[in-house]
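Trainee: Questions regarding the structure given below will be posed in turn.
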Amino acid sequence: MKKIKIIAGISWAFFGLILIIILFPGLNSYSVSVSKLPFMKLNPRYSGGEIAKRIVTDRCTLDIRKPVFNGFIKERNNGFVQLDWRGNISELINDSIDYDQDGIKDFNISVDRKNSKTVLNPINSKVKDVIISTRTSYGWAVRVGIKKQL
Amino acid sequence: MVNDLKIAGTRKSLGKSLLYTLPMFLITFLFITGGRPNFSDPSSAIAVLTAFLLVNVLYFLMHFTGKTDRYRAVLFIIFALSLSYTLIHNMLEVRNSMSFSQADILECKIPFCHLVIPMMILPAVFTKSIIFPGSILNGFANISTMIVLWLVATLVLGRGFCSWGCFYGGWDDGFSRFGKKPLIKRIDGLWKWMPFAVLMMVMLTAALSMMPTYCSWICPFKAVTEFEQVTSVESATKAGIFLSLFGGLVIALPIMTKKRTQCSFLCPLGAINTLSNKITPFMIKIDKNACNECFKCVETCPLYALTRDDIKEGKVSMFCSKCGKCVDACSKNAIHYGIKGVPAGTLKNFSRNLFLFVSFLFMAIFSAGSIIASFQGLLKLIF
Ligand code: SF4
């Protein structure tokens, strides 16, 4: 029994040695494998949610993302919708947004990019406030706070 | 006389030490220089060569002098300093500030650090997603790569990760070495269970708020890496907490107690590493036949991992990070590196050699990137 324990312990230690030696040369491929695990995707609260609608004009693109209400066990009542403007955006953004895709505009948003001023005019009463409005590497992004139910 | 006896047990002749360093020399040459040192950019070549020589000289000295912790700590502290230097330098160069912006969060550009791992667990199980604004696979310190590195290290080294792999641990390890005698001698060892409480708290709060709460509200190392821009009362409060915890747990208390108080009393990942100590092949063992119960090891342990009762019973607790400080302090060579299943007092040198190779190789390669970057930065500053 003692001998078996010793052999098992030393084998385990050598296995550890091999693991460390192969860790760095294979790091990229192990990382790719880990990134494919089912839970290895960013929560929509961080990624901003999937793109629900893309509006393309000759100057720029507006991505309206799916509303995000994700919680730990169940959805929350308070969430947000993220809007991303990309491309050649004018200094003054002014758009009317239908975030729930029901054919009715839910809010107007105007952004004065030069002065970093954002004004939200809610039409739908579920629309609350501007959570984030910021310059990004691709243009401008806004998160508007919304309620799931009134 | 007794010290000579002890050192004679682990130190090697010049030739033997060089021979033991050879495999490290070859492997680190491949990984640090890429096998083909590039001499076209002198500052980068000097930085690469210095980092390469540094790790190999330290490893050689571990064998030649028989001392472990002394040389481990040099690389460990340089790792912590250089990582902070590299991060801050990048932040200042790219953003002109040490804080990240809302845009960085929105675009998921925040570098991932292993301390987030405990907070990811529950959301990953229940929502099948990661609650962190970083990149899953691309760029510097992406989530997948950091998980692989930590997972392998904690499996092989257990809590040894906290003394051989963590790029923050060098901060309080360094400050705990200031001064000769501790100003505060007694802190109840029960506090070492505190990281488990912090772990539970941050796991639950992170799941409920879907936010990495430790990083957002507690982590002392935000003070030396990057934190949210101070734009509101909330962000100012957070910055205040980061700075006071850094000042208290990473600077002041380690100096006063000569212990690694942040690692001992706060770090939630340390708690997970403590648990993985149960499965790792390497451990510290006590040779009861050689021990004269002087308890120097108990006094010297920076992580409250040893008590007098542990020594009397001949076992080291799961809180041990395998730093080797107690091994260096023992004049009888009674406390030593060992392998699971191998009886204490046997295969002492074999176990030490194997453990040193594994743990030092991990630290040398993991730390090389940031050490090279900071050496390069220093060279640019000087010339
Ligand atoms: S028991 Fe020894 S090796 Fe373990 S943490 Fe304490 S001093 Fe370091």
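The values are calculated or read from the model by the stated rules, or taken from the named source; none is laboratory data. Not measured: the values here are computed from a predicted model. A quick note on method: Cβ atoms are made from the backbone with ideal geometry, for glycine too, and the neighbour counts reach across all protein chains shown. When the accessible area is computed, the model is the full protein with side chains, heavy atoms only, and any ligands, DNA or RNA have been set aside. Shrake-Rupley method; radii C 1.70, N 1.55, O 1.52, S 1.80 Å.
Trainee: Helix B:14-33 versus the longest principal axis of chain B: what is the Cα-based angle in degrees, 0 to 90, to the nearest 10?
Mentor: Helix B:14-33 sits at roughly 20 degrees to that axis.
Trainee: Here is a further query. Taking only protein heavy atoms and a 1.4 Å probe, what accessible area per residue, in Å², does the stretch B:281-346 have with all protein chains in place?
Mentor: Result: 37 Å² of accessible area for each residue.
Trainee: Something else now. Please list, ordered by chain and number, the residues whose modelled amide H lies under 5 Å from the amide H of B:F100; skip anything fewer than 5 residues away on the same chain.
Mentor: Amide H to amide H, under 5 Å and 5 or more residues apart or across chains, B:F100 pairs with B:F227, B:E228, B:Q229.
Trainee: Which positions within the stretch A:40-54 get 40 Å² or more of their accessible surface covered by the other protein chains, compared to the chain by itself, with a 1.4 angstrom probe?
Mentor: A:M40, A:K41, A:L42, A:N43, A:Y46
Trainee: Of B:C323, B:A305, B:C291, which is farthest towards the positive pole of the stretch B:281-346's charge dipole, taken about the Cα centre with +1 and -1 on the beta-carbons of Lys, Arg and Asp, Glu respectively?
Mentor: B:C323
Trainee: Rounded to the nearest 100 Å², what is the buried accessible area between A and B, both sides summed, probe 1.4 Å?
Mentor: Counting protein atoms only, the buried area is about 4200 Å².
Trainee: For the stretch B:27-64 and the stretch B:113-152, what is the centre-to-centre distance using only Cα atoms, to the nearest Å?
Mentor: So the separation of the two Cα centres works out to 30 Å.
Trainee: Turning to a different aspect of this structure: In whole percent, and with a 1.4 Å probe on the protein chains, what portion of the accessible area of the stretch B:281-346 is carbon and sulfur?
Mentor: Answer for the stretch B:281-346: carbon and sulfur cover 51 percent of the accessible area.
Trainee: When the Karplus curve 6.51 cos²θ - 1.76 cosθ + 1.60 is applied with θ = phi - 60°, which whole-Hz ³J(HN,Hα) does each residue of the stretch B:230-239 get, with x for Gly and Pro?
Mentor: After applying 6.51 cos²θ - 1.76 cosθ + 1.60, I find 7, 10, 8, 4, 4, 5, 5, 4, 4, 4 Hz.
Trainee: Which angle between 0 and 90 degrees, to the nearest 10, do you get for helix B:117-127 versus the longest principal axis of chain B when only C-alpha atoms count?
Mentor: 60
Trainee: Which Cα, out of B:G248, B:L361, B:T231, lies furthest along the positive dipole direction of chain B (beta carbon charges, K/R +1, D/E -1)?
Mentor: Looking along the dipole axis, the top candidate is B:L361.
Trainee: With the cut-off at 1.5 for a/c, could you classify the stretch B:210-297 from its C-alpha gyration tensor as rounded, prolate or oblate?
Mentor: oblate
Trainee: Could you state the per residue volume, in Å³, of the convex hull enclosing the Cα atoms of the protein assembly as shown?
Mentor: 181
Trainee: May I ask you to work out the translational diffusion coefficient for the stretch B:281-346 at 37 °C, viscosity 0.692 mPa s, via Stokes-Einstein with Rh from the Kirkwood sum over Cα pairs, reported in whole µm²/s?
Mentor: Reported coefficient: 287 µm²/s.
Trainee: Give the lysines whose C-alpha is closer than 18 Å to that of B:K238, dropping any in the same chain fewer than 8 places away, or say none.
Mentor: Within the straight-line cut-off, B:K238 pairs with B:K222.
Trainee: Please list, ordered by chain and number, the residues whose modelled amide H lies under 5 Å from the amide H of A:K128; skip anything fewer than 5 residues away on the same chain.
Mentor: Under 5 Å from the amide H of A:K128: A:G145, A:I146, A:K147.
Trainee: With all distinct Cα pairs included, what does the Kirkwood hydrodynamic radius of chain B come out to in Å, to one decimal, could you say?
Mentor: With all distinct Cα pairs of chain B included, I get 21.8 Å.
Trainee: Any idea what the dipole of the protein assembly as shown comes to, in debye rounded to 20, about its Cα centre with Lys/Arg Cβ at +1 and Asp/Glu Cβ at -1?
Mentor: 1840
Trainee: Could you give the spread of the C-alpha atoms of the stretch A:19-150 along their three principal axes, from largest to smallest, in whole angstroms?
Mentor: So the three principal-axis extents are 59, 37, 25 Å.
Trainee: Here is a follow-up. Between B:L22 and B:L204, with labels modelled 7 Å along Cα→Cβ, what's the label distance in nm to one decimal, could you check?
Mentor: Inter-label distance under the simple model: 5.7 nm.
Trainee: Indicate the gyration tensor shape class of the stretch B:73-211 (rounded, prolate or oblate), computed on the Cα atoms with a ≥ b ≥ c the square roots of the eigenvalues: a/c under 1.5 is rounded; otherwise a/b larger than b/c is prolate and the rest oblate.
Mentor: Note, shape of the stretch B:73-211 comes out oblate.
Trainee: Averaged across the residues of B:130-139, what count of C-beta atoms belonging to other chains lies within 10 Å of each residue's C-beta?
Mentor: Whole-number average of other-chain Cβ neighbours for B:130-139 is 4.
Trainee: On to the next question. Residue by residue through B:206-213, how many Cβ atoms from other chains fall within 10 Å of the Cβ on average?
Mentor: For peptide B:206-213, the averaged partner shielding equals 3.
Trainee: Still on this structure: Would you jot down the residues in the stretch A:112-138 that end up with at least 30 Å² less accessible area in the complete protein assembly than in the chain alone, with a 1.4 Å probe?
Mentor: In the stretch A:112-138, residues shielded by partner chains: A:I132, A:T134, A:S137.
Trainee: In addition: Need one value for B:146-159: mean number of C-beta atoms belonging to other chains within 10 Å of its residues' C-beta atoms.
Mentor: Mean shielding by partner chains, rounded to a whole number: 4.
Trainee: Per-residue ellipticity at 222 nm for chain B, helices alone: DSSP H runs ≥ 4 residues times -39500 (n - 2.57), over residue total, nearest 500 deg cm²/dmol?
Mentor: Calculated from helices alone, the mean residue ellipticity at 222 nm is -18000 deg cm²/dmol.
Trainee: Additional query: Which residues belonging to the stretch A:68-102 lose at least 10 Å² of 1.4 Å-probe accessible area when the assembly is complete, relative to their chain isolated?
Mentor: At a threshold of 10 Å² (probe 1.4 Å), the residues of the stretch A:68-102 that become less exposed are A:G71, A:F72, A:I73, A:R76, A:Q82.
Trainee: Also: Taking all protein chains as present, what is the carbon and sulfur share of the accessible area of the stretch A:20-93, in % to the nearest whole number, probe 1.4 Å?
Mentor: Summing carbon and sulfur atoms, their accessible area is 57 percent of the total for the stretch A:20-93.
Trainee: What ³J(HN,Hα) values, in whole Hz, does the Karplus curve 6.51 cos²θ - 1.76 cosθ + 1.60 give for the stretch A:108-125 when θ = phi - 60°, with x put for Gly and Pro?
Mentor: Going residue by residue, I get 10, 9, 10, 10, 9, 5, 5, 9, 6, 10, 10, 10, 10, 10, x, 9, 7, 6 Hz, with x marking Gly and Pro.
Trainee: Dividing the alpha-carbon radius of gyration of the stretch B:232-383 by 2.2 N^0.38 Å (N being the number of residues), what value is obtained?
Mentor: Cα Rg divided by the expected 2.2 N^0.38 Å: 1.28.
Trainee: Give me the 1.4 Å probe accessible area per residue for chain A, excluding ligands and nucleic acids, in Å².
Mentor: With the other protein chains kept in place, chain A gives 56 Å² per residue.
Trainee: Another one. Determine the distance separating the Cα centre of the stretch A:104-124 from the Cα centre of the stretch B:166-218; give it in Å without decimals.
Mentor: Each part reduced to its Cα centre gives a spacing of 44 Å.
Trainee: Roughly how far apart, in whole Å, are the Cα centres of the stretch A:52-98 and the stretch B:270-316?
Mentor: About 56 Å separates the Cα centre of the stretch A:52-98 from the one of the stretch B:270-316.
Trainee: Still on this structure, I have one more. May I ask you to give the percent of accessible area on the stretch B:98-279 that is carbon plus sulfur, with a probe radius of 1.4 Å?
Mentor: 73
Trainee: Now for a different question. Compute the distribution of all C-alpha to C-alpha distances in the stretch A:1-43, in bins of 10 Å from 0, and list the percent of pairs in each, rounded to whole numbers.
Mentor: 24, 28, 25, 18, 5
Trainee: Let me ask something additional. How far is helix A:2-23 tilted, in degrees, relative to the longest principal axis of the Cα atoms in chain A, given as a value from 0 to 90 rounded to the nearest 10?
Mentor: The helix A:2-23 is inclined about 40 degrees to chain A.
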